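What follows is one structure encoded as structure tokens, with my remarks underneath.
The values are calculated or read from the model by the stated rules, or taken from the named source; none is laboratory data. Given the structure is predicted, the values throughout are model-derived calculations rather than measurements. A quick note on method: Cβ atoms are made from the backbone with ideal geometry, for glycine too, and the neighbour counts reach across all protein chains shown.
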């Protein structure tokens, strides 16, 4: 909701100033997913809503909910509480604690497909290697399940036919930077606010399992980064242990001074098991010396 309001405000400023409004997508194929209909239909729920208001059953494709969901602990609780949960994953460790059934699929790198970038340019590619053994790409497993259940629209044999069906009506008329949402201002916080980043080598299950990438500086363990003014106001210095608490839990981290962080904000990386206890990537927190 806050991101939508921010985008609406940005569009309004652009309109009033005679400028142009644009924004970066959250992933390399965000536009492609939108064009393919990977958004809630009328009366549908977002992924966040499905986890915040638990459902009876879930099918999870390629995701590690603890690390990929905004609120990983909430996601795991919802999956564990479901009557039936299915995981389509290349990694047993990604779902062993919550899945009733695990269907082995090849990594997303081992399939052909098409990405559509923010410019609306469709770029097709081939799989890097042939899937191992009898594993198949996730979309092919879903296609077979659709056939078994006698559902319509599950007849494509190749990723190229899927692409052609999705893009048949063109792209330009379906994309717009218009934001149909009311303008608004956020509520001022009186305490500290967590601001989370996701390091590049923590973004998916594959890179998280690469020992060399996890040893890289970009994957260093999370810290509580604050600017000098915020550290001083809390009676802290860089390099001390602090206890960071949120609504759901608490973790102990080392402080780091980073004057690029805003006042009263604390940057704590997401997508780590050690910070999952803090819940959502953005929200009010408290910090005290450990």
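Say we look at the range 213-230 and pick out the residues that are part of a loop (DSSP other than H, G, I, E, B) and in contact (Cβ under 8 Å) with a residue 24 or more places away in the chain; which of these is surrounded by the fewest Cβ atoms within 10 Å (Cβ to Cβ)?
The selected residue is 221.
Going through 250, 281, 238, 271 one at a time, which residue ends up being under 24 Å from residue 4 (Cβ atoms), modelled with pLDDT of 95 or more and either in contact with a strand residue (DSSP E or B) (Cβ under 8 Å, 6 or more places away or on another chain) or surrounded by 12 or more Cβ atoms within 10 Å (Cβ to Cβ) (or both)?
271
Within the range 256-263, can one find any residue that is farther than 21 Å from residue 186 by Cα and assigned to a strand (DSSP E or B)?
yes
Considering only the range 231-244, I want to know if a residue exists there that is within 30 Å of residue 60 (Cα to Cα), in contact with a helix residue (DSSP H, G or I) (Cβ under 8 Å, 6 or more places away or on another chain), in contact (Cβ under 8 Å) with a residue 24 or more places away in the chain and not assigned by TED's automatic domain parsing to the domain that holds residue 76.
There is no residue in the range 231-244 that is within 30 Å of residue 60 (Cα to Cα), in contact with a helix residue (DSSP H, G or I) (Cβ under 8 Å, 6 or more places away or on another chain), in contact (Cβ under 8 Å) with a residue 24 or more places away in the chain and not assigned by TED's automatic domain parsing to the domain that holds residue 76.
So that you can scan it fast, the table gives a plain yes or no per residue for (1) modelled with pLDDT of 95 or more; (2) closer than 30 Å to residue 231 by Cα:
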site: 128; (1), (2): no, no
site: 141; (1), (2): yes, no
site: 150; (1), (2): yes, no
site: 183; (1), (2): no, no
site: 191; (1), (2): no, yes
site: 197; (1), (2): yes, yes
site: 211; (1), (2): yes, no
site: 215; (1), (2): yes, yes
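Does residue 94 satisfy the condition of being over 17 Å from residue 36 (Cβ atoms), touching a helix residue (DSSP H, G or I) at 6+ places or on another chain (Cβ under 9 Å) and touching a residue at least 24 places away in the same chain (Cβ under 8 Å)?
yes
Which members of the range 27-75 meet the condition of being under 16 Å from residue 279 (Cα atoms), in contact (Cβ under 8 Å) with a residue 40 or more places away in the chain and not in a helix (DSSP H, G or I)?
Answer for the range 27-75, where residues must be under 16 Å from residue 279 (Cα atoms), in contact (Cβ under 8 Å) with a residue 40 or more places away in the chain and not in a helix (DSSP H, G or I): 64, 70, 71.
Mind listing whichever residues of the range 157-212 are surrounded by 14 or more Cβ atoms within 10 Å (Cβ to Cβ), assigned by TED's automatic domain parsing to the domain that holds residue 268 and in a helix (DSSP H, G or I)?
Result: 201, 202, 205, 206, 207, 208.
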